[in-house]
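Q: Structure in structure tokens, see below.
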Amino acid sequence: MLILHCPYCGVDAEETELSPGGEAHVKRFGPGASDEEFRDYLFARENPKGVHFERWRHANGCGKWFHAARCTMTLEVFGTYSAQTTEPPKEIRDAITAKRPGWTWREVE
Amino acid sequence: MSTRIATQGRLIDRSKPVRFTFNGKAMSGFAGDTLASALLANDQMLVGRSFKYHRPRGIVASGAEEPNALVGLGQGAAFEPNQRATTTELFDGLSAQSQNHWPSLEFDVGAVNSGFARFLPAGFYYKTFIHPRPFWKHIYEPFIRQSAGLGKAPKERDADTYEHFYFFADVVVIGGGVAGLAAAKSAAESGAKVLLIEQTAHWGGRAPVDGGEIDGMSPEAWIAQTLDALKSMPNVTLRPRCMGAGVYDHGYVLGYERLTDHAPETAGPRHRLWRIRAAQVITATGAIERPLSFAGNDVPGVMLASAMRDYVVNYGVAPGQRVIVVTNNDDAYRTAITLKRAGVEVLRVLDARASGGGALMEEARSLGLRIDCGRAVAKVSGGKRVTKVGICAQEGQGAALEEVACDAVAMSGGWSPVVHLWSHCGGKLTWDDALAMFRPDPKRAPTGADGQPFVAAAGAANGELSLGAVLTDADGAGKSAAKSAGFKPKRTKAPRGDATGEAPLAPIWLMPRAAKVSLRMKAWLDYQNDVKVSDVQLAAREGYESVEHTKRYTTLGMATDQGKLSNINGLATLADALGAEIPTVGTTTFRPPYTPISFGAIAGEARGEVFQPLRRTPIHDWHEAHGAEWEPVGHWRRPYTYRQAGETTHDAVMREVNNTRQAVGMLDASTLGKIIVKGPDAGRFLDMLYTNMMSTLKPGKCRYGLMCSENGFLIDDGVVARIDEQTFLCHTTTGGAEHIHAHMEEWLQTEWWDWQVYTANVTEQFAQIAVVGPKARALLESLGGMDVSKEALPFMTWADGTLAGIPVRIYRISFSGELSYEIAVRAGQGRALWDRLAQAGAAFGVMPYGTEALHIMRAEKGFIMIGDETDGTVIPQDLGLSWAISKKKEDYLGKRAQQRSHMTDPERWKLVGLETEDSGVLPDGAYAVAEGRNANGQRNVQGRVTSTYHSPTLGRGIAMGLVLHGPDRMGEVLEFPGTDGKIHKARIVDPVFYDKDGEKQNV
């Protein structure tokens, strides 16, 4: 029963007020995309033990979608932010790096 | 025998006798008794039968960990199975029945299983019932089902009420023993809001039984003083009979309060579920004594040493007259001393440690007790009651040195902290070699939203077993929790506890150490599920190395007690068999609730009428008054049909179809979803949502559209009306309004947030009435107010105006194939318009029709229904709806998915009509069979029925179905075997059965 702060209406919402929307920052592929791109867009999801970005809707509240950055292992919430962005804002990334030194956004190995 | 003694009994009131029955036999106890203590006072040691072998089972514990003494309580609507006698407070008139036996507790036929125990080892079910295959379905499964399940499910509706209760606290302390009291006090002194809950009716836990001194007082005096102090603090809430059931993410805690179980005549709810949010949680849940694994440790009369002490001190009950105490630690000496002082004969204390114990042993010896060190129980004999004990050396195979006649055995295998609540939300454990226990690892505590620990264990639950250490630990936990919650703890001293020092225990997981197999086969680990040391060893030999797998293979710890007694002994046995260290084997996962909680408490008030809201259209009452048979659709109730006197339901439906096709019918279509989509980018947005083009729709016109998910599957359909350049009204299915609106919002907010579009779900703002049939126009014209002629309001257009003085918007759309007007009206005037239509319609023969007539008429026209023709795997192309898919649009939701190879596969089943050979009705959902059989020996299939009705218009059965290469096989006859054994034959035809050219709707 998580508590997440809705960045739109300012309420600290309990999980019963929220509905989950899976992984955040998934890029949409449409007509013209290759089979692999489209498969990954539809089905391939991260399942990290650690820092994760999720979509949530304040369904039984203001109705707005927002994003949450949290740790799936410790349940720590690094912050919530507008869903109207294609990547986590700098202050969120900084908050994560402060708690998880060495972490980077979509690190390429 | 077990009996009430003249002394002791701190919790009972001997001046208040209480009458109760057990298996119909009248018995009596005292106020303050538990059912278990009262049964023991009546010499009722045998209380049940085990699950697998139906072995006689006696009371073994005194609290929530009891695996054996499970009874059915109450009668009729108040009956409840699997209640623990040890946690059931006695009240006048209580009636209890023992479980899992036939025909009687004393004589049980199933006990014959016990004789076959060597043929029923771990994994027996998996090994035996595989072959021959057909035996499973016809012989094994029915037999196992009959013998499965402990207790009987209640048959009547629960007569009691339940409620939920919300609470917020800075610090929640779970467990009201001395640790919980000390922690609550030190936390509360900081000013923090504290909730202290205790599962039993009494505060102080074990301390009054175990003795010692706190701050120079008896434990009882200190408990009373601390309780008074807590009660005087306005920031403290105390709740006895309230169990901490679970600890969850971000400080969510469930409490389970039993309000009237002990006094059923009291008014008010029976159970209350506390839904608590806490900044900090302290689990002061104590510890549970472990049994010792020796042969015959399940014979009634063998009991935990601490439980036996509880029965003497708390209830004045001696569970035996001649007792043998067996132990690997000093604590059991407290039981020996207590028994001796209560006048019970203690024949032996068998201390498995070669060097014996410490000061407590000396105290026992000074009372004249015989103490044999390095000794063990070889075997306990007895059927329904202990008769004698064979004594052997602990270091050996179990050759009996002597046999001693006795009627009870008190055993102690050491203590395990109750780490359940610590573990629920991710708290990790560490193995303490010296105390042979898993205890909470404070470095790996459950963490909250800030990444900081929010749970702390205190006292015995934290692995501190001596009174002094318990109090220091708990005081510190309270202060530190208060500080973490943002308060400043007072600099007070921790309460000082004095208790006799103890010698170290010896970890002993099998008694004697090298017990031969015949003894290991009688050494029980799990009393309720009949799992023995030999079963766990067998599982290890067969390769079950993971404790989670062993649990499921042997059923160890899977009974209603969830392994509270058996868990640690079982995994220690597994570790030994694997030659591994206990910490590397680890524990199984602790999951909430701590002990079972009632379904009633979980449901709370949400039952009957308030289980879920009922949505009513503005015309609902009229339907009810006119004999509607209801059909639930989403949260709505829609009339299925309106039965008239002398009609069957089928007759009524047929009449409604005929009347609508021949004269005029009225349908309450208010439940249809209505979503306004508005803004400069509304057309562009709808082009993405619908498969067809919506942006080209002219204001004033209507267009049917299909909506797909990004996976390509059809999710909803309906008519879109363009109101003006920037405004569209999208109709959705009745069940789809909310999720389609959410679907729109999701795409607008998360993908196309720069598009200027607003959406509003106005489903409930408007009533909608369909007036359908050849006389529909005449009926509307008789009301007057607007021109509804073909010229003024052609098919697939809409217009605003008034009817009978009521402002309306009329859509010329048809789901029946008839001349049809769907009239939208403000919800508040929906009933008035309906009444006027019904009144004026009488002259035209108007009749209301329900959802079944609606379905038949749409099927006659070959119109699909979301949920019938679609099931989440069907794409529009399967349904012959390619005409409604734009070829021009570059993109829409689902377009790319519909290009995937599986979606373009010519082998996909396609929609066709089906006409039965004998004019009968095809069974719904029936499959069309093909030649040959599949790998499972089942008939191959080539299609299935999606909708099937008797059509009164055609006078025959009609159906729609998805069939392999269906559209190319017109005229072919398919066979549909029914569950009735009949083969139904149907011919593949065009799905449009009625008015193929659409002349009737376009008049």
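Every read-out reported here was derived from the displayed coordinates using simple, explicitly stated rules and does not represent laboratory data. Worth saying up front: this structure is predicted, and the values here are computed from it rather than measured. Using ideal geometry, Cβ is built from the backbone for each residue, glycine included, and neighbour counts are taken over all protein chains shown.
Q: What is the magnitude of the charge dipole of chain B about its Cα centre, with +1 placed on the Cβ of each Lys and Arg, -1 on the Cβ of each Asp and Glu, and no other charges, expressed in debye to the nearest 20? Kindly include the intermediate steps, with their values, before the conclusion.
A: Working: 109 positive and 112 negative charges, 313 e Å.
Dipole of chain B, to the nearest 20 debye: 1500 debye.
Q: Something else: Just want the answer: with Cβ charges of +1 for Lys and Arg and -1 for Asp and Glu, which residue in B:913, B:981, B:953 is farthest toward the dipole's positive end in the protein assembly as shown?
A: Checking the options against the dipole of the protein assembly as shown, the answer is B:981.
Q: Then there's this: Kindly express, to the nearest 10 degrees and within the range 0 to 90, the angle between helix B:467-484's C-alpha long axis and the longest C-alpha principal axis of chain B.
A: Approximately 30 degrees, to the nearest 10.
Q: To test your reading of the geometry: what angle, between 0 and 90 degrees and rounded to tens, separates the Cα axis of helix B:851-860 from the longest principal axis of chain B?
A: Taking Cα atoms only, the helix is inclined about 50 degrees.
Q: To the nearest 10 degrees, how steep is helix B:737-750 against the longest Cα principal axis of chain B, on a 0 to 90 scale?
A: Long axis of B:737-750 versus the principal axis of chain B: about 80 degrees.
Q: Please compare each pair in B:25/B:152; B:193/B:479; B:887/B:996; B:185/B:493; B:674/B:889; B:185/B:564 to a cut-off of 18 Å on the Cα-Cα distance and tell me which ones are over it.
A: B:25/B:152; B:887/B:996; B:674/B:889; B:185/B:564
Q: Using the Kirkwood radius over Cα pairs, work out the Stokes-Einstein diffusion coefficient for the stretch A:32-90 at 25 °C and 0.890 mPa s, in µm²/s as a whole number.
A: D = 185 µm²/s.
Q: All other residues with a Cβ under 14 Å from the Cβ of residue B:1 taken together, and with Lys, Arg as +1 and Asp, Glu as -1, what is their net charge?
A: Result for the neighbourhood of residue B:1: +1.
Q: Tell me, how many Å apart are the Cα centres for the stretch B:441-502 and for the stretch B:735-805?
A: About 65 Å separates the Cα centre of the stretch B:441-502 from the one of the stretch B:735-805.
Q: Here is the link list: B:701/B:910; B:861/B:910; B:52/B:551. Which ones come out longer than 19 Å on Cα distance?
A: In this structure, B:701/B:910 exceed 19 Å between Cα atoms.
Q: Where Lys and Arg each count +1 and Asp and Glu each count -1, what net charge lies around residue B:732 among other residues with Cβ under 11 Å from its Cβ?
A: -2
Q: May I ask for the percentage of alpha-carbon pairs in chain A that lie more than 17 Å from each other?
A: Across chain A, Cα pairs with separations above 17 Å total 57 percent.
Q: Here is a further query. Peptide B:887-898: average number of partner chain Cβ atoms within 10 Å per residue?
A: The mean count of partner-chain Cβ atoms within 10 Å per residue comes to 3.
Q: OK, next. Cut-off under 25 Å on the C-alpha distance; same-chain residues fewer than 8 positions from residue A:99 excluded. Which lysines are left, in chain and number order?
A: Excluding near neighbours in sequence, the set is A:49, A:90, B:428, B:443, B:483.
Q: Sorted from largest to smallest, which semi-axis lengths in Å does the alpha carbon gyration tensor of chain B give for its equivalent ellipsoid, taking the root of 5 times each eigenvalue?
A: Output for chain B: semi-axes of 70, 34, 27 Å.
Q: To make sure I understand the rule: partners must be lysines, Cα under 16 Å from the Cα of residue B:698, and not fewer than 8 residues away in the same chain. Which ones qualify?
A: Candidates past the 8-residue exclusion: B:678.
Q: Over the stretch B:673-764, what lengths in whole Å, largest first, do the semi-axes of the equivalent ellipsoid take, defined as the square roots of 5 times the eigenvalues of the alpha-carbon gyration tensor?
A: 17, 15, 13
Q: Now, a different point. Is there a quick way to get the dipole size of the stretch B:289-412? I mean about its Cα centre, with the Cβ of Lys and Arg at +1 and of Asp and Glu at -1; what is the value in debye to the nearest 20?
A: 260 debye
Q: May I pose another question? How well do other chains shield peptide B:750-760, expressed as the mean number of their Cβ atoms within 10 Å of each residue Cβ?
A: If you average over the peptide's residues, the count of other-chain Cβ atoms is 2.
Q: Quantify how strongly other chains surround peptide B:709-716 by giving the mean number of their Cβ atoms within 10 Å of each of its Cβ atoms.
A: 1
Q: Only loop residues by DSSP count here, and only those with at most 12 other Cβ atoms within 10 Å; note down the chymotrypsin sites (Phe, Trp or Tyr not before Pro) in the stretch B:201-285 that meet that.
A: Filter output for the stretch B:201-285: empty list.
Q: Set the Förster distance to 25 Å, then compute FRET efficiency between residue B:400 and residue B:1 from the Cβ-Cβ distance, nearest 0.05.
A: Working: r = 25 Å, r/R0 = 1.00.
It comes out at approximately 0.50.
Q: Given Cα pairs under 8 Å that are at least 6 residues apart, what percent is the relative contact order of chain A?
A: 23 percent
Q: Based on C-alpha coordinates, I'd like the Rg and Dmax of the stretch B:905-1003, in Å.
A: That works out to 14.4, 55 Å for Rg and Dmax.
Q: Calculate the radius of gyration of the Cα atoms of the stretch B:694-824 to one decimal place, then report Dmax, the largest Cα-Cα distance, as a whole number, both in Å.
A: So, for the stretch B:694-824, Rg and Dmax equal 16.1, 50 Å respectively.
Q: Place the peptides B:897-908, B:324-335, B:678-689 in order of packing, highest mean first, counting for every residue the other Cβ atoms within 10 Å and averaging per peptide.
A: On the way: B:897-908: 13.0, B:324-335: 27.5, B:678-689: 20.0.
Ranked by mean Cβ neighbours within 10 Å, highest first: B:324-335, B:678-689, B:897-908.
Q: May I ask what percent, to the nearest 5, of DSSP beta bridges between residues of chain B are antiparallel? Each step should come with its number before you reach the end.
A: On the way: 136 of 184 bridges.
Around 75 percent antiparallel, to the nearest 5.
Q: Related question: Distance between Cα centroids, the stretch B:509-547 to the stretch A:1-41: provide it in whole Å.
A: Between the Cα centres of the stretch B:509-547 and the stretch A:1-41 lies a distance of 49 Å.
Q: Something else now. Report, to two decimal places, the Cα Rg of the stretch B:187-280 normalised by 2.2 N^0.38 Å (N = number of residues).
A: Relative to the 2.2 N^0.38 Å estimate, the stretch B:187-280 comes out at 1.23.
Q: Still on this structure, please answer the following. Report the local net charge at residue B:179: Lys and Arg +1, Asp and Glu -1, summed over other residues whose C-beta lies under 13 Å from its C-beta.
A: -3
Q: Based on the mean of other beta carbon atoms within 10 Å per residue, what is the order of B:523-531, B:815-823, B:347-355, B:614-622, most packed first?
A: Packing proxy ranking, top to bottom: B:523-531, B:815-823, B:347-355, B:614-622.
Q: Would you please calculate the Kirkwood hydrodynamic radius of the stretch B:222-328 over all C-alpha pairs and express it in Å, rounded to one decimal? Before the final figure, lay out each step's value.
A: Numbers: mean 1/r = 0.0555 Å⁻¹.
For the stretch B:222-328, the Kirkwood estimate is 18.0 Å.
Q: Please list the radius of gyration and Dmax for the protein assembly as shown, considering alpha-carbon atoms only, with Å as the unit.
A: 36.3, 114
Q: Only loop residues by DSSP count here, and only those with at most 15 other Cβ atoms within 10 Å; note down the trypsin sites (Lys or Arg not before Pro) in the stretch B:1-95 that meet that.
A: Working: sites: B:4, B:10, B:14, B:19, B:25, B:49, B:52, B:57, B:84; in loops: B:10, B:52.
Of the trypsin sites (Lys or Arg not before Pro), the ones in loops of the stretch B:1-95 whose Cβ has at most 15 other Cβ atoms within 10 Å are B:10.
Q: Over chain B, what is the mean sequence separation of C-alpha contacts under 8 Å (at least six apart), divided by residue count, expressed as relative contact order in percent? Walk me through the numbers before you get to the answer.
A: On the way: 2423 pairs, mean separation 90.6, N = 1003.
This gives 9 percent for chain B.
Q: Residues in the stretch B:755-771 near a label at residue B:724, defined as backbone nitrogen under 18 Å from the 7 Å Cα→Cβ point?
A: Within reach of a label on residue B:724, which here means backbone N under 18 Å from a point 7 Å along Cα→Cβ, the stretch B:755-771 contributes B:756-760.
Q: Order of A:52-58, A:85-91 by packing, highest average Cβ count within 10 Å first?
A: Result, highest mean Cβ count within 10 Å first: A:52-58, A:85-91.
Q: Roughly how far apart, in whole Å, are the Cα centres of the stretch B:342-397 and the stretch A:46-109?
A: Using only Cα atoms, the two centres lie 61 Å from each other.
Q: Okay, next question. Which values, in whole Å and largest first, are the semi-axes of the equivalent ellipsoid of the stretch B:517-585 obtained as the square root of 5 times each eigenvalue of the Cα gyration tensor?
A: Working from the Cα gyration tensor, I get semi-axes of 16, 14, 10 Å.
Q: Report the Rg/Rh value for the stretch B:424-548, based on alpha-carbon coordinates and the Kirkwood definition of Rh.
A: In the stretch B:424-548, Rg relative to Rh is 1.11.
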